[in-house]
Each structure stands twice: as structure tokens, then as C-alpha cells.
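S.K.: Structure below; questions to follow.
The values are calculated or read from the model by the stated rules, or taken from the named source; none is laboratory data. Here the structure is a predicted model, which means the values were calculated and not measured. Please note: Cβ atoms are built from the backbone with ideal geometry, for glycine as well, and neighbour counts cover all protein chains shown.
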Amino acid sequence: MPDAVPHVDTGEGLPTATIVLKPKRARPFFGRHPWVLDSAVLRVDGAPADGAVVDLATHDGQFVGRGLWNSTSRLRVRLYAFDAATKLDDALWQARIEAAVRLRRTLGLDDPAGAARLVNSEGDDLSGLIVDRYGDYLAVQVTALAMASRLDTICDTLQTLVAPRGILLRGAERGLAKLEGLHLADRLVRGSAPAGPIFVHEHGLRFGIDLAEGQKTGYYLDQRDNRHAAARYAQGRRVLDMFCYSGGFSVACAVAGRAASVLAVDSSAKAATLAKANADLNGAANVAVETADAFEKLDALLAAGERFGMVVLDPPKFARSRASLDDALRAYHRINRAALGLLEPGGILVTCSCSGSVSREDFLQMLAGVAQRGRRPIQLLECRGAAPDHPVSASCLEGEYLKCVIARVP
Ligand code: SAH
């Protein structure tokens, strides 16, 4: 599919139109929230092209912020500055990307053979842009038309700063891309593509990553430190890693954690193959991998009276929106209840949710419900989030999506 990104003159970085807010709708934006929904817009003064710079103003003419326009998206304006002096020009994008890359160095995530998220959208004041580094390669994911129309500047900047061997563009999730009116095909945008999987280091382990075909941008970097944390509880235990994808938790528990054995399960045969390969790569002979549906497998294990010393649950996003929250919470309840039934006394539950619309409080309430219905106490040991290369803007808590609770079940 050809890219359908409008050509906009991005040179000056000064507004071509003013978006006027309805009365009493400016507060979140004075609070630096970057998303202006269509429902907040009173009128558009001017005729901005999609991707063009616009100013946001109150109905009585007060400047609120400066952002980029998209008439196709419900998210009409993404704000990138909150003062009228800042131009949204190439120099600004370069400076923001540079600051983001510098932060990862500060975090100690600059091992050339390692992997890190270099740009995390709103968390780095670059709403709609995600950049992951896997060794010598970068995967760029653009989830906003605003960023798509500046892709050249972004890639040039990354090339200069990081000097990767290749930069691959990964399309946004299908639903999201449609909402933004974005049609970006996955493709190589700079340098050369790796011939096969890329191998990266993570806390002393090695993982093969399929950049072109893997889920997300190829790997779940957000769980890096949680895999490491979970491994600290694994020693001598029989571990069940449900929703294993490429086997991150399995390998961490088996090798770093010295688990007795690991059963890794994923419904995707491709994922199971990756998990097996990663177990082999790290010499973890005690990891068995199965392709199965988690709900069915959990029921089958319960029916067979199996017991584990540790259960890891890292399901995909169950809630796509607030509307599906109740269904999602029921699904979380169901798998966690099953996990409780599988845990031997003193067992460890590592339970995650990457649904942004399920709050931390909702998730903990769900666990309280599981303890009640399962008639077993749950001791919370660690309530964790994404690794620090996934910073969250305090003004846009929608970015705080990952919950990872490590608990003990006496
Ligand atoms: N724990 C992994 C990431 C898991 S992502 C890591 O650390 O890398 C969620 C995984 O759940 C995906 O691999 C997806 O294929 C799998 N999945 C989705 N629905 C499933 C189901 N019903 N049963 C089992 N696995 C499922």
C-alpha cells in the first residue's frame, strides 16, 4: 500500500491556523495534556492542512498551546509546546529526539549490543513517535500523522545521533492507524535490513528478535526489568509462563533465576518457536514450550491437578477502551483465579496488565476479588510498571499502561 501522508510545509514551524476551544474546555491543556479531541473544538480559524502547525486558543482568544493538526483523527490536535515562542520546526524535533537519546544513556541503556526504547511518545514530548533500538538497528513506529509527515527529519536525526545499520518503519496497530488516517506500510527507511533475527543482551541473557515480523516493534522491552525481578523469586520452582511470546520470562526464570523447570505457553505458533529458540540460545534445557490457548490450558492444568511454584501471566491487551473494561476485568479475574488454583502454598504469582484503560487500582481490586473468590490470601510484594526507558508524562497518565504485580500466595 502506498503511503498516504500529506505533504506539508514543515519548514517554519509557525502556526497556519488557530483552533478555538469551546468555553470551559481549556483546563486540561493549561495542564499540558497534549490531546485535543474534536469534541473540545469550537471552530477552526483558517484552513490548516493535515500535519500543519496550529495554535490552540480559548474561545476568548487566549493562547493555550501549539500543536499539529489532523482533520481525520478524533484527536484533532496534538500539542507539542505550551508557549507561543516555541516553533515546531526541525530544530525542535531534533532537540527532543536528542534529549530522549541522552536520557537512555543516563539510564545506562547504551550497551551497543543491548536494546532500549529511545523515544516513548508523550513520555518524551513526542506524541505519536516510538523508537526502539535493538543492537545496531532501529524500529520506528509512528502512531500519529503529525509525526508521519516529519519522518524524514526524524530518521535523519536518528541516523546522525545513533548511526544504526538500518532503520525499519513499523506501522501502528491497525485500529490506531485507521483512527489517525495513517497508511504506512512496514518498510526499510534507512540503511540495510538485518538478514535474520537480531540478537540482543538483556540482564546478561541473550534474545533473538525478529524485527520484520515480530509483535509490537519485535519485542516487549517494557517488561525488561520485570522479567529480571520475577527471576529473583524463581529458584528451585516449577514455573508456568503463560502468554510467553518470545520466552522472556521463561528464560529469565530458568537461567538467571535457576528455576527447576519452566512450561511456556502461547497461542501463537510463531511465538512458541521464538521462545524455544531463545531457551536454546541461553542453554535452558528445562524450558518446555507449548502452543495452546491460555484459557483452555489453564483449565486443563487445573483439571489435571498440576501445581506450580510460580505462575507468570502476561496477557495481551484485554481492554481496548473504557467500554470493554468490565469484560476485560472478568478475563483478568478468570486467568488469575486459575493461577491461584495452580499455585502451591507459598507460590509466587507474577501478574501483568498492559491495558491502559484498566487502572492500577482496578487491577488490584480485581486481585482482591480473586483472593476472595479463591479463598486464599494474596500478599503483594512488588507493584511494578514499565522499565524507565518508557517514561510517562505526568500530564498524560494515559501513557502509564503497564502493571506488573509480584505477589505471594501463602
Ligand atoms: N511475556 C512476553 C510478552 C507477552 S505478549 C514477553 O515478556 O515478551 C502477549 C502474548 O499473548 C502474545 O505473544 C500473544 O500471542 C499471546 N496470546 C494472545 N492471546 C492468547 C491466548 N488466548 N492464549 C495464549 N496466548 C495468547
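S.K.: Taking residue 101 as the residue in question, decide whether it is buried (at least 19 other Cβ atoms within 10 Å of the Cβ) and closer than 22 Å to residue 167 by Cβ.
M.R.: Numbers: buried (at least 19 other Cβ atoms within 10 Å of the Cβ): yes; closer than 22 Å to residue 167 by Cβ: yes.
Yes, satisfied.
S.K.: Which of the residues spanning the range 317-327 are within 13 Å of the ligand (Cβ to nearest atom) and either hydrophobic (A, V, I, L, M, F, W, C) or closer than 30 Å to residue 236 by Cβ (or both)?
M.R.: 318
S.K.: Considering only residues that are closer than 22 Å to residue 227 by Cα and either touching a helix residue (DSSP H, G or I) at 6+ places or on another chain (Cβ under 6 Å) or more than 10 Å from the ligand (Cβ to nearest atom) (or both), which ones fall in the range 291-316?
M.R.: If the condition is that a residue be closer than 22 Å to residue 227 by Cα and either touching a helix residue (DSSP H, G or I) at 6+ places or on another chain (Cβ under 6 Å) or more than 10 Å from the ligand (Cβ to nearest atom) (or both), then 291, 298, 307, 308, 309, 310, 311, 312, 313 are the ones that fit.
S.K.: May I ask you to list the residues in the range 174-232 that are among the aromatic types (Phe, Trp, Tyr) and more than 10 Å from the ligand (Cβ to nearest atom)?
M.R.: 199
S.K.: Follow-up question, since we're still on this one. Pick from the range 47-62 the residues that are of a type outside the set (A, V, I, L, M) and exposed (fewer than 14 other Cβ atoms within 10 Å of the Cβ): which of them is nearest to residue 129 (Cα to Cα)?
M.R.: Looking at residues that are of a type outside the set (A, V, I, L, M) and exposed (fewer than 14 other Cβ atoms within 10 Å of the Cβ), I get 62.
S.K.: Just to be sure, is residue 353 modelled with pLDDT of 95 or more, crowded, with 20+ Cβ neighbours inside 10 Å, closer than 30 Å to residue 123 by Cα and touching a Lys or Arg at 6+ places or on another chain (Cβ under 6 Å)?
M.R.: So residue 353 passes the test.
S.K.: Does the range 294-316 contain any residue that is at pLDDT below 95 and on the phi < 0 side of the Ramachandran plot?
M.R.: No, the conditions are met nowhere in the range 294-316.
S.K.: Give the range 268-302 a look and list any residue that's under 22 Å from the mean Cα position of the chain (by Cα) and surrounded by 16 or more Cβ atoms within 10 Å (Cβ to Cβ), or say none.
M.R.: Selection gives 271, 272, 274, 275, 278, 294.
S.K.: Going through the range 83-118 one residue at a time, which ones are in a loop (DSSP other than H, G, I, E, B) and among the charged types (D, E, K, R)? Walk me through it before giving the result.
M.R.: Taking the range 83-118 and keeping what is in a loop (DSSP other than H, G, I, E, B), we get 83-89, 107-113.
Residues satisfying the conditions are 83, 87, 89, 110, 111.
S.K.: Still on this structure: Among the residues of the range 262-290, write down those that are in a helix (DSSP H, G or I), within 12 Å of the ligand (Cβ to nearest atom) and touching a residue at least 24 places away in the same chain (Cβ under 8 Å).
M.R.: Our first condition is that a residue be in a helix (DSSP H, G or I); within the range 262-290, this holds for 269-281.
From what is left, the residues that are within 12 Å of the ligand (Cβ to nearest atom) are 269-275, 278.
Residues satisfying the conditions are 270, 271, 272, 274, 275, 278.
S.K.: Quickly run through the range 16-48 and pick out the residues that are under 17 Å from residue 80 (Cα atoms), in a loop (DSSP other than H, G, I, E, B) and at pLDDT 95 or above.
M.R.: Passing the criteria: 26, 31, 32, 33, 34, 48.
S.K.: I've got another one for you. Just one of the numbered conditions (1) on the phi > 0 side of the Ramachandran plot; (2) crowded, with 24+ Cβ neighbours inside 10 Å is not true of residue 226; which one?
M.R.: Every listed condition holds for residue 226 apart from (1).
S.K.: Considering only the range 321-333, I want to know if a residue exists there that is in contact with a Leu (Cβ under 6 Å, 6 or more places away or on another chain) and touching a residue at least 12 places away in the same chain (Cβ under 8 Å).
M.R.: no
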